[in-house]
């Protein structure tokens, strides 16, 4: 019987830093969608005599990312030249970091589907410039030659390398989700994968379950979405399992994901193949404790801390906190609305409102506070608020005014409600018998009858209470 295997995965994530200019020159860092080769200069195209100048803002953002990920900043770090030839690399080397990166260690907390958490340790984080982009097609037309666009060349990146502590495609997906959230909350990268601002390579090997020794790994490239990472790892697990189960050996290589399968791209390089050496044109980065202290103070509240605060301070459920903090913009909006009269002390109602409105798009905070107040006071139901929301957004009217204009306010007067309940009970004797006989769900027909009499304005919770009181007396 073949031994069951487990996958061992390490992820290398490249995140583009949110700077105005590139890493070593003054070219704009906005090349996505721009005309080809319109964001270039002698520095980023490797012209003779052009010298790089380090972007201070890029260093600040890189260090903030490391601090947000609990990494250990090196007192001194240097840039190195990674030498290889490829048409999208005009200098024939990439400026990166090798044996003295600016950050070692770090961690990412994973939130798994079963409610459990897991911490994956990081090996390192380093800075480097991006390469250009080769184009093999224009629109739907495949070319018989390749074109090169250097707009992306020199764009500032951080590469975040995990330890091989990820053991399933689900864990890989959770890792990337958490990492993206942290980088976005720390405001160091937009992580827009459609624009290439977050890219991932996956190293995967297999070993018999219970063994410590790693197997031979393959690196999978071209993973431009979290789903692709998950699908590629699952495919590669089956491919390697079949080879090992039949007595074959895994070759250390780089493979490409084409959306359906991984295909061999080239044999896997080792570090010595790149002939790294310190870049003579760039001085070492030397840390100032005062500067690091300033950067720490500028890092906003991170997603995990915010989730915990939403539970402890606002008494939300862990699920509600999870949903709200999935977007920094939405959770920031939630916090701001809660500061306004009407929404104060109604965090639970506001959370349910935001979560129940399809494709939620914020309205002005005062309007949202007013809508929250109407729901908290049971003037309208959450369902009514959801139906009213598009009109509030379009009309820009105060929700209270719209509710009055449409006559949507719920009836809370128990005297009026009791009259409707009495009429509904008199008209539905069978429902009363069914409820008394133990079929409590039969009360639904009575609630429906009251809602019909009230034209939907009766408060359902009060109606339900009064119906059972009436049945007890019948």
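Readers should treat all values here as calculations from the given coordinates under stated rules, not as data from a laboratory. Everything numeric in this text was worked out from a predicted model, so none of it was measured. Every residue, glycine among them, receives a Cβ derived from its backbone with ideal geometry; neighbour counts consider all protein chains shown.
Odds and ends about this structure:
- Calculated FRET efficiency for the pair residue 163/residue 344, C-beta based, R₀ 30 Å, to 0.05: 0.10
- Using 0.36 nm per residue and subtracting the Cα-Cα separation, the extra length available between residue 332 and residue 461 on full extension is 43.2 nm.
- Label point 7 Å beyond Cα of residue 54 along Cβ direction - residues of the stretch 278-312 with amide nitrogen under 19 Å: 278-296
- The mean sequence distance of close C-alpha pairs (under 8 Å, at least 6 residues apart), as a share of the length of the chain, puts its relative contact order at 14 percent.
- Nearest-ten-degree value, helix 328-337 long axis tilted from longest Cα axis of the chain: 40
- Crossing angle, helix 414-427 versus the chain [Cα axis fit, 0-90 degrees, rounded to tens]: 80
- Relative intensity of the stretch 301-406 on a log10 scale, I(q)/I(0) at q = 0.11 Å⁻¹, equals -0.31, per a Debye sum over C-alpha point scatterers of equal strength in the absence of solvent.
- Relative contact order of the stretch 171-277, pairs being alpha-carbon contacts under 8 Å that are 6 or more residues apart, as %: 21
- For the stretch 452-474 versus the stretch 369-402, the gap between their alpha-carbon centres in whole angstrom: 24
- Highest mean packing first, where packing is the average number of other Cβ atoms within 10 Å per residue, the peptides 134-140, 381-387, 240-246, 13-19 line up as 13-19, 381-387, 240-246, 134-140.
- Stretchable slack from residue 194 to residue 47, in nm (0.36 nm times residue separation minus alpha-carbon distance): 49.9 nm
- Helix 382-395 vs. the chain, principal-axis angle (Cα, 0 to 90°, nearest 10): 70
- The stretch 100-168 and the stretch 234-276 have their alpha-carbon centroids 18 Å apart.
- Label zone at residue 355 (point 7 Å along Cα-to-Cβ), backbone N below 18 Å, the stretch 320-341: 320-338
- Rounded to the nearest 0.05, the FRET efficiency derived from the C-beta distance between residue 135 and residue 315 at R0 = 45 Å is 0.25.
- Under 16 Å from a label point set 7 Å out along the Cα-to-Cβ vector of residue 12, the amide N atoms of the stretch 207-241 belong to 217-224.
- A Förster radius of 35 Å, combined with the Cβ-Cβ distance separating residue 187 from residue 147, puts the computed FRET efficiency at roughly 0.55.
- Per residue of the chain, the DSSP helices (runs of n ≥ 4 H) give a summed -39500 (n - 2.57) that works out to -12000 deg cm²/dmol at 222 nm.
- Contact order normalised by residue count of the stretch 301-406, Cα under 8 Å, 6+ apart, percent: 21
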